[in-house]
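Heads up, the thing below is written out as structure tokens.
Read the figures in this text as sums done on the coordinates, not as results from a lab. Since the model is a prediction, treat every value here as computed from it, not as a measurement. Here the Cβ is made from the backbone with ideal geometry for all residues, glycine too, and neighbour counts use every protein chain on show.
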Amino acid sequence: MTSALTTDVRDGIAVVTLDVPNAPVNTFARSVRDEFTALIERFDRDESIRAAVIRSGKPDVWVAGADIEEFLGIETSSQAEALSRDGHALLDRLEKLKTPVVAAINGACLGGGLEAALACAYRIGTETPKTVFGLPEVQLGLIPGGGGTQRLPRLVGLEAGLDMILTGRNIRARKALQMGLIHELVHPAILDDVAIERAKALADGVLKRGMVGGPHGARHMLLDENRVGRALVFRQARERILARTRGHYPAPLAALDVVATGYAHGTERGYREEARLFGELAVSEVSRQLVFLFFATSALKKDPGVPEPAPPPKPIQKLGILGAGFMGAGIASIAAQQGTLIRLKDADPGRVGKGLAAAREVMRDRLTKKQITRQQLDDYMTLIGGTTDYSGFRNVDLVIEAVFEDLGVKQAVLQETEAVTRADAIFASNTSTIPIAQLASVSSRPPQVIGMHFFSPVPKMPLLEVIVTPQTSREVSATVVGYGKALGKTVIVVNDAPGFFANRILAPYINEAGILLDEGVAVDTIDRALVEFGFPVGPITLIDEVGLDIAGKSGAIMLEAFGNRMAPSQSLVRVVAAGRSGRKGKKGFYRYDETGKKRGVDPSVYELLPTGQRRTEIPSDEIQRRCVLAMVNEAVRCLQDGILRSSRDGDVGAVFGIGFPPFRGGPFRYVDSLGTERVVRALEGLNSDRAPRFAPAQLLIEMARAGRRFYPERGHPFPG
Ligand code: NAI
């Protein structure tokens with residue numbers, strides 16, 4: 001087996017290159033850790049080595065962190081705790097080495113990678129956007145297990161350290177320098193030379209080892225030494241975590257406790273506590289679900305969207321967008337940032353200008369966050385040309401339509417487009433409810449018609465649902481999936497049917513919330529129950545946001561497609577009929593002030609509902625059971641009907657498209673965690689002559705009978 005580390009000793013300086021063979025990134029897999037142990041032993045033994053540099057052989061990554069596959073083999077908390085303790089021992093030896101080690105960091109330095117860098121005597125980062133630092137463990141429901149909770153806050157200060165540990169966010173190299181996380185920032189071209197020089201200087205004693213780097217060092221340290229000041233920082237951090245996670249995610253709180261332990265009782269106790277809690281979290285249900293989502297999204301990145309052997313996706317260099325409204329402008333903004341040349345067409349000249357301004361606004365937001373430069377903003381904007389006719393469409397590779405949600409309008413623009421574009425141009429619709437086959441029925445080239453269902457707001461929402469009809473060609477599917485990925489989206493491919501996947505499972509969930517309203521349950525009681533379950537907002541807030549008119553229309557379409565099972569609630573029908581449109585009209589189930597800020601439930605809305613001002617109390621768990629099982633049951637139907645290719649796509653689609661609680665893994669993972677049999681029993685308990693909508697999906701019944709699950713109980717979620 002080839003090794004990951006190669007060491008080249010010159011003039012007493014060992015230059016170690018880490019390049020894990022046959023892997024896209026460097027991780028600290030077991031074999032790599034073993035090689036590191038051997039390396040440290042060699043440094044200890046070999047007096048001729050005066051100092052060392054650790055660099056990466058990968059172009060974009062220094063070390064990405066632990067090998068997450070390895071976590072799947074962990075069965076007990078003590079196994080995970082031991083893993084963390086081994087890491088501590090290794091990094092403790094690295095830190096205490098007589099031979100000074102310089103971390104020469106080009107590319108991502110994350111998780112265990114950053115923890116290793118923190119144990120080095122000197123850290124140099126390169127000035128490029130790909131060099132980022134972070135401890136993303138909380139995003140997997142874990143805490144840093146290689147001493148990060150102790151070393152990082154002591155280096156950069158409690159507040160900055162906690163921010164990185166508790167959010168998992170990445171920071172850029174320049175910021176890392178300002179914080180004192182790295183000692184030096186250099187151009188990538190001179191990284192190795194500078195690192196070797198610093199290694200020599202450290203060996204010669206010209207350069208002294210020291211932890212504190214940043215300009216704020218002295219001040220933050222003073223604050224951190226003060227017990228009262230620290231207590232305040234910890235209290236505020238705890239409040240922020242609880243507000244953000246609503247207690248659903250144990251990892252950030254555990255990380256906070258571990259950091260606090262280290263400050264109160266010293267780092268030895270801190271490390272012990274870190275290992276113990278890392279162990280506990282590694283086998284927790286929340287972490288298992290988040291790790292599953294990590295694997296599911298990684299698998300989707302590699303999925304061409306059509307069965308193998310997949311045709312290669314064609315490049316999309318020129319894009320036409322029809323409709324410069326909310327969605328069209330959002331799509332233009334992200335496409336321009338990928339370097340696509342765009343024609344943005346609207347029927348209304350005023351809307352073209354507004355669409356361009358909206359696209360610029362998205363980029364300005366990124367500029368403010370320092371994610372792009374002024375120059376980049378200008379460059380991207382020059383890629384978008386506004387128009388009210390089809391000029392410039394002759395050479396487009398792809399057209400995405402985002403005009404009004406109206407079959408006639410959409411069919412008309414499809415035919416107009418086909419008349420002016422190249423014969424091989426693809427036509428994609430961003431419709432949220434119209435079956436793609438209905439659009440394709442008026443097409444002269446149905447194999448080139450497809451759905452690209454983006455979610456709102458486009459720049460923020462990670463999911464893209466690609467909808468294929470039986471006629472869509474494999475080349476077209478692969479090209480659109482490839483382009484969706486290039487736009488930074490997680491792409492699932494679904495078959496054509498009303499509501500596709502995401503909106504289809506949303507429909508019974510929203511309806512159930514509406515039926516609860518019909519029965520007299522208060523608006524905020526329903527919303528609160530589902531937020532407690534883990535949704536980012538409750539269902540009534542959601543339809544107020546989306547627009548009650550739109551929710552009403554899509555409800556009618558679902559009723560027509562699926563019959564009474566999807567009958568909309570009386571409450572929604574009546575509120576829509578009364579002309580309330582939700583936030584955009586500043587009047588819905590909730591009240592809004594002039595700025596559009598939500599101001600509590602509108603008491604007058606109850607006058608419109610079947611039970612008037614009379615309220616009924618229903619326990620929170622019953623509200624959750626009804627709404628969530630309605631959604632989950634529909635998700636299983638989508639799989640059974642072949643709308644979904646896999647439960648994986650359904651879980652990712654629900655989490656990233658409609659905010660299904662990530663810590664529950666998605667609807668299919670949720671069923672597995674409850675057990676299919678239990679879910680069938682619960683649905684049968686709700687099912688009655690009055691509520692036949694709860695009849696369990698056939699697939700669920702069969703799986704319950706056979707004792708089957710959607711995913712293996714242990715090990716890799718996608719074996720083979
Ligand atoms: P919008 O009303 O903001 O924009 C539609 C734009 O299309 C308007 O600017 C209108 O002037 C223009 N338009 C109408 N007829 C046209 C024609 N024949 N040629 C060129 N332009 C024309 O609507 P929005 O929200 O952007 O929605 C657009 C599409 O995206 C709809 O199909 C909608 O269902 C879908 N969608 C909307 C989502 C949302 O949350 N708003 C989410 C996902 C999909």
For the chain, what is the relative contact order in percent, using Cα pairs closer than 8 Å and at least 6 residues apart in sequence? 9
For the chain, share of DSSP beta bridges that run antiparallel, in % to the nearest 5: 25
What are the lysines whose alpha-carbon lies under 23 Å from the alpha-carbon of Lys584, with same-chain residues fewer than 8 places away excluded? Lys354, Lys460, Lys553, Lys597, Lys598
Net +/- balance of residues flanking Gly484 in space, Cβ distance below 13 Å, scoring K and R +1, D and E -1: +1
Quick check: from the Cα gyration tensor, does the range 658-720 come out rounded (a/c under 1.5), prolate or oblate? oblate
Quick check on packing: order 11-18, 395-402 by the mean number of other C-beta atoms within 10 Å, highest mean leading. 395-402, 11-18
Among Cys638, Cys109, which comes first, second and so on when ranked by fewest other beta-carbon atoms within 10 Å? Cys638, Cys109
Defining a contact as two alpha carbons under 8 Å apart and six or more residues distant in sequence, what relative contact order in percent does the range 318-495 show? 20
One would report the Cα pair-distance distribution of the chain, bin width 10 Å, in %, as 3, 13, 21, 23, 20, 13, 6, 1, 0
Just to confirm the number: angle between the C-alpha axis of helix 349-368 and the first principal axis of the chain, 0 to 90 degrees, nearest 10? 20
Antiparallel versus total DSSP beta bridges in the range 318-495: what percent is that, nearest 5? 15
Calculated from DSSP helices alone, with each H run of at least 4 adding -39500 (n - 2.57) and the total divided by the residues of the chain, [θ]222 nm to the nearest 500 comes to -15500 deg cm²/dmol
Among the lysines, select those whose C-alpha is under 22 Å from the C-alpha of Lys58, and discard any that sit fewer than 8 residues away in the same chain. Lys130, Lys301, Lys302
Measuring from the lowest to the highest alpha carbon on each principal axis, how far does the range 318-495 reach, largest first, in angstroms? 45, 33, 26
Could you sort the peptides 143-153, 307-317 by per-residue average Cβ neighbour count (10 Å cutoff), highest mean leading? 143-153, 307-317
Nearest 10 degrees is fine. How inclined is helix 523-533 to the longest principal axis of the chain, computing both from alpha carbons? 40
Can you figure out the FRET efficiency of Ser298 with Asp621, using R₀ = 45 Å and their beta-carbon distance, to the nearest 0.05? 0.85
Sequence of Thr37, Thr2 once ranked by neighbouring C-beta atoms within 10 Å, starting from the fewest: Thr2, Thr37
Alpha carbon Rg of the range 27-79, scaled by the compact-globule rule 2.2 N^0.38 Å: 1.47
Tell me the volume per residue, in Å³, of the convex hull enclosing the alpha carbons of the range 98-149. 69
Let me make sure I get this right: for the range 293-334, a, b and c are the square roots of the gyration tensor eigenvalues over alpha carbons, sorted descending. Under 1.5 in a/c it's rounded, otherwise prolate if a/b > b/c, else oblate. Which is it? oblate
Determine, for each peptide in 28-35, 470-477, 522-529, the mean count of other beta carbons within 10 angstrom over its residues, then list the peptides with the highest first. 522-529, 470-477, 28-35
Taking Cα atoms only, helix 77-96 is inclined relative to the longest principal axis of the chain by an angle, in degrees rounded to 10, of 40
Kirkwood-type radius of the range 448-574, with distances r between different C-alpha atoms, in Å: 16.0
Please report, in whole Å, how far the alpha carbons of the range 5-283 spread along each principal axis, starting with the longest. 55, 44, 34
